[in-house]
Every structure is written in C-alpha cells, then in structure tokens.
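Visitor: There's a structure below that I have some questions on.
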Amino acid sequence: MARQVILVHGAWHGAWAWERVLPLLAAAGVDAVAVDLPGHGADRGPLGDLHGDASRVRSQLDRATSEVVLVGHSYGGAVITEAGDHPAVGHLVYLCAFAPDAGESCTNAAADEAASISHEGRPDLRAGFVMGADGTVTLDHDTAATCFYHDCGADAAAWALARLGPQPLITVQQTPEVVAWRVKPSTYVVCRDDLAIHPDLQRLMARRCTTSVEWPTGHSPFLSRPELVAELLAGLARA
C-alpha cells in the first residue's frame, strides 16, 4: 500500500499551489491531500503563526489512514519541521524549503554558514514586501513574478499571482518547537535556478537531510515542472 502524501504550501500561497501535482499523483495511484494553512487559500479563518500552522498540519496527520510522506515548500519547510515529528510521518520532503534547526527561523536558518554566500546580481524578494498595519506582508506582483515564477508559463504565472495572499511576518521569525528532520528520514530538493531562496543556502540546508536531489527549476516546480514533483513523491510514497 502506498503511503499518503500531504502537501504544505509556502508563504503567500495556498493549497491551490499543488493543483497541477495532485492529478498526477492520483493517476499514479497515490492518495494526496493539499492543506490550506490558517487564513490561506480557501480557509476563511484568521491567519496564524508558525505554531498554529504546524498545528493545522498535525490535525491533518491525525486523520491519516496510512504512513505519510509530508512535503513542505519554501516556508512550508519550517511548518513540517515542527509538525513532522508526528507518529504518522514516515518521510519528510523539503522542496526548495527552509529546514531550520533548533533556535533558527526562516530568516536566519544556517546563517553562520550562509554568511559568505553572494547575492550580487540576484533579485531581492524583500524589495517587494508591502507591510500592513496588522503585521502582515503582501508581495508586489512584479517582484513575486520574478522571484517565484520566472520559469513558469505566462498563463500559469498570472493564475498564481492572482491567488497570492497576505502572510504574517511573525511566521518567518519564529523558531520551531521541535526539529523533525533530526528524527525522521528526509529528502531535500534543491532548485538550482531559484530566485527566491538562494540555491547555495538550499544546499546548506540539504546537508541536514538524509538525501538530496537537484532540479533545473526555479522556486515553483509545482507549476513549472509538476511531473518532476509527482514522480519524486510517487516514488517515495511507494518506498
């Protein structure tokens, strides 16, 4: 019996991000569920913090009927780091994602090792931050298009940009209460053309995982190369 796959989106996104991956997993005979974190996508409740997001994922894991491959994209990596020690989880997948250690947040993960990484010539995602009075951040669409979707088709990029929502700044500043990659098998996917999270930072975090692979994609392979994502996850689900 294949393991279930549970998919956790990144900041500003929702479960909608996985819409191109889900039918490919279904065609491969893999049961998969994409989770909306609080206040994102189709969830109309209030936005939460990192710990509330992890609690939402744990609630989904409580309903799992088999062992789970738990996948986090970008900020979703911090979420699965905290939620992934759940007994239902058999394998973690970090898709160009943050894999913070104890005491680290998304903003300072592997900071000492990453201090020498050059960002010259790269776009700065933070330049597109629009701060709200309520502590949330929205993204300028031009910056998001460049950093998230530069290797996606124009229609796919426009579809995603129209769905981006606000993100509480606190979520990327908090540290996980547990570090699941220290106790669970894990795979890290480095996206070497990523313009949002530097590939060299990804490679540093990939060293923390059991195995890693590199793909010639940008930050959103679930849109640009969904078949790559589905093939990897289907293989892990059957392992």
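The values are calculated or read from the model by the stated rules, or taken from the named source; none is laboratory data. The model shown is predicted, which means the values in this text are computed figures rather than measured ones. We place every Cβ from the backbone using ideal geometry, glycine too, and count neighbours over all the protein chains shown.
Visitor: Could you please give the count of residues in region 197-211 that are farther than 14 Å from residue 77 by Cα and under 15 Å from the mean Cα position of the chain (by Cα)?
Guide: Looking only at that region, the number is 2.
Visitor: Got a sec? Which of 169, 228, 201, 233 is in contact with a helix residue (DSSP H, G or I) (Cβ under 7 Å, 6 or more places away or on another chain) and farther than 18 Å from residue 6 by Cα?
Guide: Going through 169, 228, 201, 233 in turn, the sole match is 201.
Visitor: Taking residue 31 and the conditions (1) in contact with an Asp or Glu (Cβ under 9 Å, 6 or more places away or on another chain); (2) farther than 14 Å from residue 79 by Cβ; (3) charged (D, E, K, R), which numbered condition does it fall short on, given that it satisfies the others?
Guide: Of everything listed in (1) in contact with an Asp or Glu (Cβ under 9 Å, 6 or more places away or on another chain); (2) farther than 14 Å from residue 79 by Cβ; (3) charged (D, E, K, R), residue 31 misses just condition (1).
Visitor: Next question, about the same structure. What number of residues within region 122-157 are farther than 30 Å from residue 20 by Cβ, of a type outside the set (D, E, K, R) and surrounded by fewer than 11 Cβ atoms within 10 Å (Cβ to Cβ)?
Guide: Qualifying residue count, region 122-157: 2.
Visitor: Something else: Would you call residue 189 among the aliphatic types (A, V, I, L, M) and either farther than 15 Å from residue 100 by Cα or touching a strand residue (DSSP E or B) at 6+ places or on another chain (Cβ under 6 Å) (or both)? Working first, answer last.
Guide: On the way: among the aliphatic types (A, V, I, L, M): yes; either farther than 15 Å from residue 100 by Cα or touching a strand residue (DSSP E or B) at 6+ places or on another chain (Cβ under 6 Å) (or both): yes.
The answer is yes for residue 189.
Visitor: Any idea how many residues of region 27-42 are assigned to a loop (DSSP other than H, G, I, E, B) and either buried (at least 22 other Cβ atoms within 10 Å of the Cβ) or at pLDDT below 95 (or both)?
Guide: Just the residues of region 27-42 that are assigned to a loop (DSSP other than H, G, I, E, B), to begin with: 28-31, 36-42.
Retained after the next criterion (residues that are either buried (at least 22 other Cβ atoms within 10 Å of the Cβ) or at pLDDT below 95 (or both)): 37, 40.
Selection size over region 27-42: 2.
Visitor: Residue check, residue 175 against (1) under 15 Å from the mean Cα position of the chain (by Cα); (2) more than 22 Å from residue 41 (Cβ to Cβ); (3) among the polar types (S, T, N, Q), all met but one. Which one?
Guide: Of the numbered conditions (1) under 15 Å from the mean Cα position of the chain (by Cα); (2) more than 22 Å from residue 41 (Cβ to Cβ); (3) among the polar types (S, T, N, Q), the odd one out for residue 175 is (1).
Visitor: Now, a different point. Of the residues 95, 125, which single one is within 30 Å of residue 234 (Cβ to Cβ) and under 18 Å from the mean Cα position of the chain (by Cα)?
Guide: When all the criteria are applied, what remains is 95.
Visitor: Does residue 24 meet the test of being part of a helix (DSSP H, G or I), at pLDDT 95 or above, surrounded by 17 or more Cβ atoms within 10 Å (Cβ to Cβ) and in contact with an Asp or Glu (Cβ under 9 Å, 6 or more places away or on another chain)? Talk me through it step by step, then tell me what you get.
Guide: Values: part of a helix (DSSP H, G or I): yes; at pLDDT 95 or above: yes; surrounded by 17 or more Cβ atoms within 10 Å (Cβ to Cβ): yes; in contact with an Asp or Glu (Cβ under 9 Å, 6 or more places away or on another chain): yes.
So residue 24 passes the test.
Visitor: For region 36-77, give me each residue that is under 25 Å from residue 234 (Cβ atoms), out of contact with any Asp or Glu (no Cβ under 6 Å at 6 or more places or on another chain) and among the aliphatic types (A, V, I, L, M).
Guide: Answer for region 36-77, where residues must be under 25 Å from residue 234 (Cβ atoms), out of contact with any Asp or Glu (no Cβ under 6 Å at 6 or more places or on another chain) and among the aliphatic types (A, V, I, L, M): 57, 61, 64, 68, 69, 70, 71.
Visitor: Is it true that residue 120 is within 21 Å of residue 188 (Cα to Cα) and either basic (Lys, Arg) or out of contact with any strand residue (DSSP E or B) (no Cβ under 9 Å at 6 or more places or on another chain) (or both)?
Guide: no
Visitor: Taking helices (runs of 4 or more DSSP H) that do not extend beyond region 43-129, which have at least 3 residues that are among the β-branched types (Val, Ile, Thr) and in contact with a helix residue (DSSP H, G or I) (Cβ under 7 Å, 6 or more places away or on another chain)? So that I can check it myself, show each step before the final result.
Guide: Numbers: elements: 50-62, 76-83, 111-114.
Where helices (runs of 4 or more DSSP H) fall fully within region 43-129 and carry at least 3 residues being among the β-branched types (Val, Ile, Thr) and in contact with a helix residue (DSSP H, G or I) (Cβ under 7 Å, 6 or more places away or on another chain), they are 76-83.
Visitor: Just to be sure I understand the filter: pairs with C-beta atoms under 9 Å, separated by 6 or more residues or on different chains, first member in region 71-92 and buried (at least 24 other Cβ atoms within 10 Å of the Cβ), second member at pLDDT below 95 and not polar (S, T, N, Q). Which pairs pass?
Guide: Close Cβ pairs satisfying both conditions: 77/109; 78/109.
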